[in-house]
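The values are calculated or read from the model by the stated rules, or taken from the named source; none is laboratory data. Every value quoted in this text rests on a predicted model; they were computed, and no experiment measured them. Backbone-built Cβ (ideal geometry, glycine too); neighbour counts: all protein chains shown. Surface accessibility is based on the protein's heavy atoms, side chains included, excluding ligands, DNA and RNA. Shrake-Rupley method; radii C 1.70, N 1.55, O 1.52, S 1.80 Å.
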Amino acid sequence: MDKLRVINLKIPARHGVYDYEKDKDGLFELDLEILADLSKPSQTDNIEDTINYDDVISLTTKIFLKKDYNLIEAVGEDICQNLLNNFPIDTIKLKIRKPHAPIVASFDTVEVEIVRSK
C-alpha cells in the first residue's frame with residue numbers, strides 16, 4: 001500500500017481538560033500517515049487522480065479548530081473519521097503531540113496515536 005505523509009503540522013488551539021488551557025492557544029503538532037492506492041496518479045501525473053494533501057491539511061485544520069476539545073483523543077477520532085469519509089483512504093494513522101501538556105515532569109511531549117481503517 002502506498003503512503004502519503006504530512007509531518008509536524010503545527011496548529012495553535014485550545015484543547016485541554018483545564019479551564020486555563022482554553023484561555024490561550026497552545027501549539028499542537030500533528031503527523032498524518034495515509035495509506036491509499038496511489039498507482040493511478042503515479043501513471044497520469046494528474047492532481048485530480050490523487051489525494052490532494054492541501055485538501056487533507058485544510059480539512060484537518062478545520063476540524064482541529066472547530067471547537068475546544070477536552071481530549072486530543074476526541075479531536076483525533078473526529079479528524080480520522082472525516083478523512084476516511086471524504087477521501088479514498090484505506091487507513092489513516094494520526095499522531096497528535098501536546099508538548100505543553102500541564103504535567104509536572106521533564107518531558108519533550110505527550111502524544112496520542114490513532115489508527116483507523118475503512
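Table for the structure above
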| item | result |
| --- | --- |
| Per-selection Rg to Rh, the range 65-118 - Cα, Kirkwood hydrodynamic radius | 1.05 |
| Potential lengthening between Met1 and Leu65 on full extension [0.36 nm per residue; Cα-Cα distance subtracted] | 20.0 nm |
| Cleavage-rule hits, chymotrypsin sites (Phe, Trp or Tyr not before Pro), the range 1-54, DSSP coil, Cβ neighbours within 10 Å at most 13 | Tyr18 |
| Extension gain, Asn8 back to Val115 (0.36 nm per residue minus Cα-Cα distance, nm) | 36.8 nm |
| Among Ile72, Val104, Phe28 the positive-end extreme of the charge dipole of the range 1-108 (Cβ point charges) | Val104 |
| Amide N proximity, the range 72-95 versus Asn46 label position 7 Å along Cα-to-Cβ, cut-off under 13 Å | none |
| Top of Thr44, Thr61, Thr91 by mean-square fluctuation, Gaussian network on the chain, Cα under 10 Å | Thr44 |
| Relative counts (whole %) of C-alpha pair distances in the chain, using bins that are 5 Å wide | 2, 11, 21, 23, 17, 11, 7, 4, 2, 1, 0 |
| Two-site FRET efficiency, Ser39 against Ala105, from Cβ-Cβ distance with R₀ of 35 Å, rounded to 0.05 | 0.15 |
| Loop trypsin sites (Lys or Arg not before Pro), the range 37-115, which have at most 15 other Cβ atoms in a 10 Å radius of their Cβ (DSSP) | Lys66, Lys67 |
| Apportionment of accessible area to carbon and sulfur, the chain, percent (1.4 Å) | 48 |
| Most mobile of Phe107, Phe87, Phe64 in a GNM of the chain (Cα contacts under 10 Å) | Phe107 |
